[in-house]
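Since the structure comes first, as structure tokens, the remarks are kept for the end.
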Amino acid sequence: MYRFFVEEDQIGQGRVAIVGGDVNHIRNVLRMRPGEKVVVSDGKERDYCCRIREIGTDRVVADILEENPAGGELPARIYLFQGLPKNDKMELIIQKAVELGVYQVIPVATRRTVVKLDKKKEEAKVKRWNGIAESAAKQSGRSIIPQVTGVMSFKEALAAADRFDVKVIPFEHASGMDGTRQEFGRIGPGMDVGVFIGPEGGFEDEEIELAAGTGIKAVSLGRRILRTETAGLMVLSVMGYLLETGAPAQR
Ligand code: SAH
């Protein structure tokens, strides 16, 4: 079931109101209809299983069917756009990213991606990766099973992140942590956050420029070069900490 985050004051007696970017998502992307069920979360204490009553242009109203203690979700959706790594590394990345609360993993073929997957191989891999996500979700007490999508090109990945609230591209040649602190400090409940990690060979300058052109900030992860499998996990750990401690968002 799709999950949406709302502020506490959007939850009323038996009803919730979903506002902001989620309305367009529900109407035009998911093309949901009244009567369909969604999970609404206040990002803290409780999850609400709801049935959509009406879908307006700037708000969706849903009736609360059931109220449960909050499950294992972070109060924001973090999408990990992972440059396809070599060998079995993707399996480790998916397992750990799910434990750390990732919302979706998008394998990305970049300029320096070495592995080439034909359609058939890709299908088999994606199936296997989703199986790993499912067991990691169960093991770690997640309330959703994060999806691993098919492999996207870098340009497709940029387009997929277009409407996101915060998006970063960790780049080992970015200087200083000020930009990192600033970008990470913007994340807050209910947001869609995109994180782009390069494969073993990293990103090419042109890719960083292309990303910058769509509003994605190149950020440093510190003075050491992290392996591709470490970089995303570090970002997820730090973002998880910020979200779960309710660190002040600087918007
Ligand atoms: N081949 C490159 C390193 C690539 S590391 C080199 O040896 O110089 C793989 C990915 O991890 C990078 O594309 C980047 O997204 C991320 N990464 C690793 N260390 C980083 C750091 N210190 N700052 C920002 N991003 C980093």
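Each stretch of four or more DSSP H residues adds -39500 (n - 2.57); spread over every residue of the chain, this sum gives -9500 deg cm²/dmol at 222 nm.
Select from region 5-41 those trypsin sites (Lys or Arg not before Pro) which occupy a DSSP coil region and have at most 14 other Cβ atoms within 10 Å, ordered by residue number. In loop regions of region 5-41 (DSSP not H, G, I, E or B), the sparsely surrounded trypsin sites (Lys or Arg not before Pro) are Arg31. Hydrophobic, long helices, defined as DSSP H runs whose alpha-carbon span along the helix axis is 15 Å or greater and whose mean Kyte-Doolittle value is at least 1.0, occur in the chain at 228-244. Averaged per residue, region 78-183 has 51 square angstrom of accessible surface, using a 1.4 angstrom probe with ligands and nucleic acids left out. Exposure check, 1.4 Å probe, all protein chains in place: Glu7 carries approximately 100 Å² of accessible surface.
Heavy-atom surface analysis with a 1.4 Å probe gives region 35-87 a carbon and sulfur content of 39 percent of its accessible area. Can you tally the net charge around Val168? Count Lys and Arg as +1, Asp and Glu as -1, for every other residue whose Cβ sits under 11 Å from the Cβ of Val168. Net of charged neighbours comes to +2.
For region 24-32, backbone phi angles converted through the Karplus equation (6.51, -1.76, 1.60; θ = phi - 60°) give residue-by-residue couplings of 4, 4, 5, 5, 9, 8, 7, 6, 6 Hz, Gly and Pro being listed as x. Using a 1.4 Å probe on the protein chains only, how many percent of the accessible area of region 176-251 belongs to carbon and sulfur? Taking all protein chains in place, region 176-251 shows 51 percent carbon and sulfur surface.
In percent, rounded to a whole number, the relative contact order of the chain is 20, using alpha-carbon pairs under 8 Å and six or more apart.
The values are calculated or read from the model by the stated rules, or taken from the named source; none is laboratory data. Note that the structure is predicted; figures quoted are calculated from it, not measured. We place every Cβ from the backbone using ideal geometry, glycine too, and count neighbours over all the protein chains shown. SASA here: full protein model, heavy atoms, side chains in, ligands and nucleic acids out. Shrake-Rupley method; radii C 1.70, N 1.55, O 1.52, S 1.80 Å.
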